[in-house]
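To start, the structure itself, in structure tokens.
Each value in this text was obtained by applying a stated rule to the coordinates, not by laboratory testing. Everything quoted here is computed from the prediction, not taken from an experiment. All Cβ positions, even for glycine, are placed from backbone atoms using ideal geometry, and neighbour counts span all protein chains on display.
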Amino acid sequence: MFERKLFTQTVSWAAAVAAIAGLAAVAPAKAEDTVKVGLILPMTGGQASTGKQIENAIKLYMQQKGDTVAGKKIEIIVKDDAAIPDKTKTAAQELIVNDKVNFIGGFGVTPAALAAAPLATQAKIPEVVMAAGTSIITERSPYIVRTSFTLAQSSTIIGDWAVKNGIKKVATLTSDYAPGNDALNFFKEHFTAGGGEVVEEVKTPLANPDFAPFLQRMKDAKPDAIFVFVPAGQGGNFMKQYAERGLDKAGIKVIGPGDVTDDDLLNNMGDAVLGTVTAHIYSAAHPSPMNKDFVAAYKKAFGTRPGFMAVSGYDGIHLIYEALKKTNGDTDGTKLIEAMKGQKWESPRGPISIDPETRDIIQNVYIRKVEKVDGELYNVEFATFEAVKDLGKTKK
Amino acid sequence: MTSILTNLFDGVAYGMLLFVLACGLAVTLGLMNFVNLAHGAFAMAGGYVCMVLVNRMGWPFFAALPLAFVSAAAIGIALERTLYRHLYARSHLDQVLFTIGLTFMSVAAVDYIQGSSRVFINLPAALQGQFDLFGVGIGRYRLMIIVICGLLTIGLQMVLAKTRFGSRLRAAVDDPRAASGLGINVPQVFAFTFAFGCGLAGLGGALSAEILGLDPYFPLKFMIYFLIVVTVGGSSSITGPFLASLLLGIGDVAGKYYVPKMGPFVIYTMMIVILIWRPNGLFGRTAAR
């Protein structure tokens with residue numbers, strides 16, 4: 001008797017709960033006129049500055065351009081993955097299943113972008129990669145587009161440039177992880193093809209930033225220059241210890257892809273960094289009127305200089321806006337990705353476009369030298385390689 | 001030959017730095033038998049205090065160093081009085097869980113206040129660069145580390161071995177009950193010792209910013225190094241961790257110079273070999289209690 005009562009009670013409770021849940025499920029159907037963009041970014045952890053720059057830039061873009069496109073209101077949902085791929089995957093699942101987002105974007109590091117790739121394919125929604133830089137990423141899902149850069153783009157260019165500019169012997173110092181190895185291999189390939197010689201090759205562990213013994217080894221090898229790729233945060237340590245050991249006075253230059261002189265950190269590095277030559281996609285000192293406005297607006301809003309990550313985020317949200325304009329607000333993922341292919345626009349970094357075949361970014365790569373402008377350190381551009389495709393893919 | 005000496009010099013400086021960073025932990029872990037995994041958080045606190053004083057308020061570097069010590073010690077004593085002392089009698093597992101929680105909280109707090117990007121302390125020009133001594137490259141900053149840390153070690157050894165406080169501390173550690181029976185204020189001695197250990201960590205944090213880098217993840221990144229120094233050195237004296245730090249510092253630098261492909265494994269290999277040979281550490285004695 002008692003048990004039966006309990007049973008009916010339970011059932012009626014369950015029914016009530018189901019009814020409420022049903023109502024809740026019906027309610028968001030009205031939300032057809034909002035488009036949701038789920039951003040998965042490292043907001044904590046060692047990569048947090050990447051996440052913050054991208055988030056800032058997207059906020060700025062939406063302040064400038066408004067939050068409605070093609071009659072739809074854009075809603076941004078930010079999730080922190082601390083650059084840990086497992087968390088990225090969970091975050092992507094939540095965004096796609098619970099929040100029913102129309103885009104996922106962000107992705108601070110390569111493993112994070114790869115972790116979300118199968119989900120983008122399955123859900124048929126565009127994954128806009130705004131930071132991660134290894135070549136393979138866009139090959140992992142037909143729904144991935146990228147607005148940042150690949151390490152192949154900058155490393156091959158600096159390799160070509162170095163060998164044509166009197167640098168014959170190079171020692172390399174790269175962080176021992178996927179992007180570091182990408183940078184090293186692409187650089188080496190182009191540098192040696194032009195007749196250069198790599199006299200010393202050191203891979204440094206990610207966790208240990210005391211470069212002293214590695215730098216001593218470089219110094220003893222007497223190269224013309226050191227090719228460096230370390231994650232942006234360690235660039236400052238590297239440059240300081242490079243100067244401490246007197247490598248600058250020994251006439252050994254520093255070259256590399258631009259991560260080592262990220263605008264975010266450059267000003268704190270001290271004068272030892274003067275004269276460092278890097279190849280990269282963006283400098284806060286890029287002399288276009290659009291960039292001047294961008295830098296001024298960013299500084300005003302957030303008090304710091306934008307770095308290349310900020311620009312990638314700015315272009316990422318722009319691409320999302322443009323795709324929606326082209327589909328007239330249709331949020332079908334396959335149509336959106338089609339609309340993104342071949343987009344061409346002027347970015348603060350210069351003219352860029354999305355390669356319709358690889359969905360990767362095509363952009364100018366600039367050779368820059370660190371100089372002092374109005375008392376601040378900047379990467380001043382002095383040569384341009386136009387419309388560089390990702391060379392990591394052409395070999396296939 | 002000169003490059004061997006340059007490496008030796010770098011290794012000694014690195015080892016000395018490890019020692020100052022870790023010896024506070026040797027005190028709490030070895031002398032007080034308390035597992036304080038939040039040790040690195042005090043080092044980070046010292047580092048950030050020094051950075052704020054020098055970079056934002058324009059203090060000279062050498063004036064900021066003592067304050068890095070004092071502020072880390074002050075935080076240490078505040079936490080010891082309010083939190084740590086309740087855990088002295090608890091199991092090691094409780095202590096580990098508590099202090100690792102504290103570490104994560106410190107990481108989040110610093111990340112929130114200062115942001116997560118790496119900071120550098122502006123050094124006076126006199127400490128920058130290298131000079132040549134018979135062909136051996138001597139880094140000025142590293143030389144300063146060796147001098148400061150060397151003096152500290154001697155002072156510390158003197159205090160522990162020669163002073164009244166030193167004997168009280170050793171008595172309080174070996175047999176707290178008998179010590180308090182003799183009129184030694186054991187909790188006070190422990191609180192003071194703990195604060196001193198934290199102060200040393202704070203000083204180490206300030207000194208290491210230039211070489212190891214300073215960001216909110218400092219306590220987690222270098223926890224393993226602190227622990228290696230204390231395990232290899234044995235935690236019952238100061239000489240043990242000191243020699244262990246030197247050995248590991250020199251080994252690490254030499255390993256990276258001569259076999260860079262081995263990367264960080266040299267230091268772990270050394271630890272394993274030493275611990276197989278002497279399971280209680282280089283100067284470990286079997287625990288008295």
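Kirkwood-type hydrodynamic radius, chain A: 22.2 Å, calculated from all non-identical alpha-carbon pairs. Once the mean of 1/r is taken over each pair of separate Cα atoms and inverted, the protein assembly as shown shows a Kirkwood hydrodynamic radius of 27.4 Å. Modelled label positions at B:Leu151 and B:Gln114, each set 7 Å beyond Cα in the direction of Cβ, lie 2.5 nm from each other. Beyond 20 Å in Cα-Cα separation lie the following of the pairs A:Lys253/B:Lys221; A:Lys164/A:Lys240; A:Lys203/B:Lys256: A:Lys253/B:Lys221; A:Lys164/A:Lys240. Taken along its principal axes, the alpha carbon cloud of segment B:1-158 reaches lengths of 55, 35, 27 Å, longest axis first. Among the listed pairs A:Lys72/A:Lys341; A:Lys124/A:Lys389; A:Lys36/A:Lys65; A:Lys188/A:Lys341, those with a Cα-Cα distance over 23 Å are A:Lys124/A:Lys389; A:Lys188/A:Lys341. Where the alpha-carbon atoms of chain B are placed on the principal axes, they occupy 59, 47, 34 Å, in descending order. Comparing A:Pro205, A:Pro213, A:Pro179 in a Gaussian network model of chain A (Cα springs below 10 Å), the most mobile by mean-square fluctuation is A:Pro213. Shape summary of segment B:1-48, radius of gyration then Dmax from alpha carbon positions: 14.6, 44 Å. Say we join alpha carbon atoms closer than 10 Å with springs in a Gaussian network model of chain A; which of A:Gln63, A:Gln343, A:Gln241 then has the biggest fluctuation? Per the Cα network of chain A with a 10 Å cutoff, A:Gln63 tops the list. Going by Cα centres, segment A:268-321 and segment A:158-204 are how many Å apart? Cα centres, segment A:268-321 to segment A:158-204: 26 Å. Could you tell me which of rounded, prolate or oblate describes segment A:58-100, using a ≥ b ≥ c as the square roots of the eigenvalues of the alpha-carbon gyration tensor, with rounded for a/c under 1.5 and, failing that, prolate when a/b is larger than b/c and oblate otherwise? It comes out oblate by the Cα gyration axes.
Over the protein assembly as shown, DSSP H runs of length four or greater, each weighted -39,500 (n - 2.57), average out per residue to a 222 nm ellipticity of -17500 deg cm²/dmol.
Tell me the angle of helix B:92-114 to the major Cα principal axis of chain B, expressed in degrees between 0 and 90 and rounded to the nearest ten. Around 50 degrees separate the two axes. Relative to the dominant Cα principal axis of chain A, helix A:2-26 is inclined by about 60°. Each 10 Å bin from zero holds the following percent of Cα-Cα pairs in segment B:158-289: 11, 32, 33, 18, 5, 1.
Using the Cα gyration tensor of segment A:38-129, with a ≥ b ≥ c the square roots of its eigenvalues, what is the shape: rounded (a/c below 1.5), prolate (a/b larger than b/c) or oblate (neither)? Oblate, because a/c is 1.5 or more while a/b does not exceed b/c. When exposed loop sites are taken as chymotrypsin sites (Phe, Trp or Tyr not before Pro) in a DSSP loop with at most 16 other Cβ atoms within 10 Å, the longest stretch of chain B clear of them is B:135-289.
Comparing A:Phe302, A:Phe229, A:Phe191 in a Gaussian network model of chain A, where Cα atoms under 10 Å apart are tied by springs, the biggest mean-square fluctuation is seen for A:Phe302. What angle do you read, to the nearest 10 degrees and between 0 and 90, between the alpha-carbon axis of helix B:140-162 and the longest principal axis of chain B? Approximately 20 degrees, to the nearest 10.
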